[in-house]
Amino acid sequence: MTSQLSRRQALGALGAAVVAPWAQAQDKWPAHPIRIVVPFGPGGVADLTARAVGEQLGSQLGQAVVIDNRPGAGGITAGNMVVQASPDGYTLLLMSNGTAVSEGLFNKLPFDAQKDFAPVSLLGTFDIAVVVPQNSRFQTLGDLLAYAKANPGKLNIATVAVGSTQNLAAELFKSTAGVSAQVVPFNGTPAVITALRGGEVDAAVEILAPVRSQIDAKALRALATFGERRPTGMPDVPTATESGGALSKLTIASWNALAAPAKTPAPVILRLNAELKKALARPDLKKKLADLNVDARWSTPEDLHNLLASEIRRWSDVIARAKIPRQ
């Protein structure tokens with residue numbers, strides 16, 4: 001009996017010795033700068049969102065938040081870096097709906113987005129719009145759909161690359177509306193704008209932010225957005241749901257969020273989540289994001305987990321129905 005008690009006491013002391021240093025480390029977290037790995041190049045909406053949020057988060061935590069841009073490969077490079085990082089709260093991933101798209105677009109990924117990351121919080125959503133040249137014959141989304149129904153296969157809709165959020169949004173839009181249209185991929189937003197203004201295509205489905213200046217300059221016109229409500233500062237632009245009928249429940253938004261490696265301790269995730277809730281409620285940060293056409297949004301880790309799962313299901317289905325080959 002005495003020897004068993006001694007063994008238990010020894011094991012208890014060993015467990016305490018192992019747990020204590022990590023508990024102390026958590027108490028001191030963060031003790032050095034935090035890195036956010038961004039799967040996009042500098043200057044885009046995702047990058048600028050990460051920098052704006054990171055600056056405020058760093059101010060609250062008393063440590064610098066460094067942005068590490070790792071574009072390319074459908075976000076796989078960035079995601080894999082974070083999966084392989086120490087799960088200590090010092091390396092985070094700027095997750096997006098592109099993360100969900102990749103699950104259905106690639107035959108094999110070096111990680112499982114639902115198992116290998118610990119969701120922290122949503123950061124914001126941004127609108128996707130249907131745009132036409134300013135002098136287009138289509139004055140409303142209804143006009144465009146009426147033409148597409150009367151002329152199957154003749155409507156051309158430009159997007160950026162096959163498998164992009166914009167490209168899949170266009171595929172989902174046409175299938176939901178029940179129209180036959182050609183989705184024409186280009187190698188970037190500038191090429192889409194050039195094709196639109198040159199009359200090579202009838203319309204485009206694009207994230208609102210990079211075409212907003214063209215709309216403000218009266219070179220392009222937004223027929224509708226796929227958001228839940230009309231875009232900030234554009235009260236005359238309706239949502240697609242306002243068209244009613246088949247589109248009455250169609251909402252599509254691009255989004256950004258933060259995630260950590262899967263085994264990051266819960267107290268660190270909860271601390272990050274609480275700090276993001278505080279940051280995203282600040283009027284100055286909300287305005288910074290609104291100027292990027294981003295609607296600041298906080299979520300619980302569970303809500304972000306559920307969003308990612310639903311987006312994976314949604315885009316995998318769109319990819320399959322559009323017969324887009326897996327890469």
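The values are calculated or read from the model by the stated rules, or taken from the named source; none is laboratory data. No experiment lies behind these values; they were computed from the predicted model shown. When we count neighbours, we look across all protein chains shown, and the Cβ atoms used for this are built from the backbone with ideal geometry, even at glycine. Surface accessibility is based on the protein's heavy atoms, side chains included, excluding ligands, DNA and RNA. Shrake-Rupley method; radii C 1.70, N 1.55, O 1.52, S 1.80 Å.
For the residues I157, I36, I215, a GNM of the chain with alpha-carbon springs under 10 Å puts the largest fluctuation on I215.
Just to verify a number: FRET efficiency for L270 and Q182, C-beta to C-beta distance, R0 = 51 Å, to 0.05? All intermediate terms of the calculation are to be shown ahead of the outcome.
On the way: r = 48 Å, r/R0 = 0.94.
Efficiency computed from Cβ-Cβ geometry: 0.60.
Multiplying each eigenvalue of the alpha-carbon gyration tensor of the chain by 5 and taking the square root yields semi-axes of 44, 21, 16 Å, largest first, rounded to whole angstroms. Structure remark: mean-square fluctuation, Gaussian network model of the chain, C-alpha springs under 10 Å; the largest value among A259, A296, A73 belongs to A73.
Averaged over its residues, the chain has an accessible area of 46 Å² per residue, based on protein heavy atoms and a 1.4 Å probe. Mean sequence separation of contacting Cα pairs (under 8 Å, at least six apart), scaled by the length of the stretch 100-180, corresponds to a relative contact order of 27 percent. Our coupling estimate for the stretch 107-120, obtained by passing each phi through the Karplus curve with A = 6.51, B = -1.76, C = 1.60 and θ = phi - 60°, is 4, 8, 10, x, 8, 10, 4, 8, 10, 9, 10, 9, x, 10 Hz, Gly and Pro reported as x.
In deg cm²/dmol, rounded to 500, what helix-only [θ] at 222 nm does the chain give when every DSSP H run of at least 4 residues adds -39500 (n - 2.57) and the total is split over its residues?
The helix-only estimate for the chain comes to -14500 deg cm²/dmol at 222 nm.
The distance between label points at N107 and A73 comes to 1.7 nm (points 7 Å beyond Cα on the Cα→Cβ vector). In a fully extended conformation the segment linking M81 and A146 would gain 18.7 nm over its present Cα-Cα distance, using 0.36 nm per residue. For the chain, what % of the accessible area comes from carbon and sulfur atoms, probe 1.4 Å? Whole-percent figure for carbon plus sulfur exposure: 54.
When its C-alpha radius of gyration is set against 2.2 N^0.38 Å (N residues), the stretch 173-327 gives a value of 1.23.
Straight Cα distances below 14 angstrom link K278 to the aspartates and glutamates E55, with same-chain residues fewer than 8 positions distant left out.
Which pairs in the list K108/K149; K249/K286; K149/K249 are over 29 Å apart, alpha-carbon to alpha-carbon?
Details: K108/K149 38 Å; K249/K286 27 Å; K149/K249 20 Å.
Pairs exceeding the cut-off: K108/K149.
Comparing A50, L220, H32 along the charge dipole axis of the chain, the residue lying farthest to the positive side is H32, per the Cβ-charge model. Remark on F106: its backbone amide H falls under 5 Å from those of Q327, a criterion applied only to residues 5 or more positions apart or on other chains, H modelled at 1.01 Å from N.
Extending 7 Å from Cα along the Cβ direction at Q134 and again at N306 yields two label points whose distance is 4.5 nm.
The Cα center of the stretch 130-169 and the Cα center of the stretch 98-121 differ in position by 30 Å. Listed by chain and number, the aspartates and glutamates whose C-alpha is less than 16 Å from the C-alpha of K323, apart from same-chain residues fewer than 8 away, are E103, E171.
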